[in-house]
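Below is one structure, written out as structure tokens, with a few remarks after it.
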Amino acid sequence: MKIVDSHCHIDDEKFDQDREKVISNFEDDGIDFIVDPASDISSSEKIIEIVKKYDRVYGAVGDRKSTRLN
């Protein structure tokens, strides 16, 4: 069985200082991979760069703000 964190915002700026360490601990913590969902274009761009670098991180990109009705 695989263990997945299906909603983890590893792109958040609070992880800028220790993102590498947090991701490297996934295996030790029994997490096979995570999914980082974007909330806007800026976070989508950041997530794309992160998933290129780390095999255990998958991204869901898009801009949820553009789907809001006024």
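The values are calculated or read from the model by the stated rules, or taken from the named source; none is laboratory data. From a predicted model like this one, the values you see are computed outputs, not experimental measurements. Note: ideal-geometry Cβ built from the backbone for every residue, glycine included; neighbour counts use all protein chains shown. What goes into the accessible areas is simple: the full protein's heavy atoms, side chains included, and nothing from ligands, DNA or RNA. Shrake-Rupley method; radii C 1.70, N 1.55, O 1.52, S 1.80 Å.
Name the single residue, out of those in region 33-57 being outside any helix (DSSP H, G or I) and over 15 Å from GLU13 (Cα atoms), that is most open to solvent (accessible area, probe 1.4 Å). Let's see the steps before the verdict.
Going residue by residue through region 33-57, those that are outside any helix (DSSP H, G or I) are 33-40, 54-57.
This time we only want the ones that are over 15 Å from GLU13 (Cα atoms), so: 33-35, 54-57.
Numbers: PHE33: 56, ILE34: 1, VAL35: 37, TYR54: 30, ASP55: 143, ARG56: 66, VAL57: 6 Å².
Ranking the qualifying residues of region 33-57, first place goes to ASP55.
Going by the conditions given, is VAL57 in contact with a strand residue (DSSP E or B) (Cβ under 8 Å, 6 or more places away or on another chain) and among the β-branched types (Val, Ile, Thr)? Quick ask: steps written out before the conclusion?
Working: in contact with a strand residue (DSSP E or B) (Cβ under 8 Å, 6 or more places away or on another chain): yes; among the β-branched types (Val, Ile, Thr): yes.
Yes; evaluated as a whole, the condition is true for this residue.
Give me the residue from region 1-18 that is in a loop (DSSP other than H, G, I, E, B) and touching a residue at least 24 places away in the same chain (Cβ under 8 Å) and, out of that set, least open to solvent (accessible area, probe 1.4 Å). Step through it out loud before you land on a result.
Taking region 1-18 first, the residues in a loop (DSSP other than H, G, I, E, B) are 1-3, 6-12, 16-18.
Checking the rest, the ones that are also touching a residue at least 24 places away in the same chain (Cβ under 8 Å) come to 2-3, 6-11.
Numbers: LYS2: 139, ILE3: 78, SER6: 84, HIS7: 121, CYS8: 24, HIS9: 73, ILE10: 1, ASP11: 17 Å².
This residue is ILE10.
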Return the residues of region 23-32 that are in a helix (DSSP H, G or I) and either open to solvent by less than 40 Å² (accessible area, probe 1.4 Å) or among the acidic types (Asp, Glu) (or both); say none if nothing qualifies. ILE23
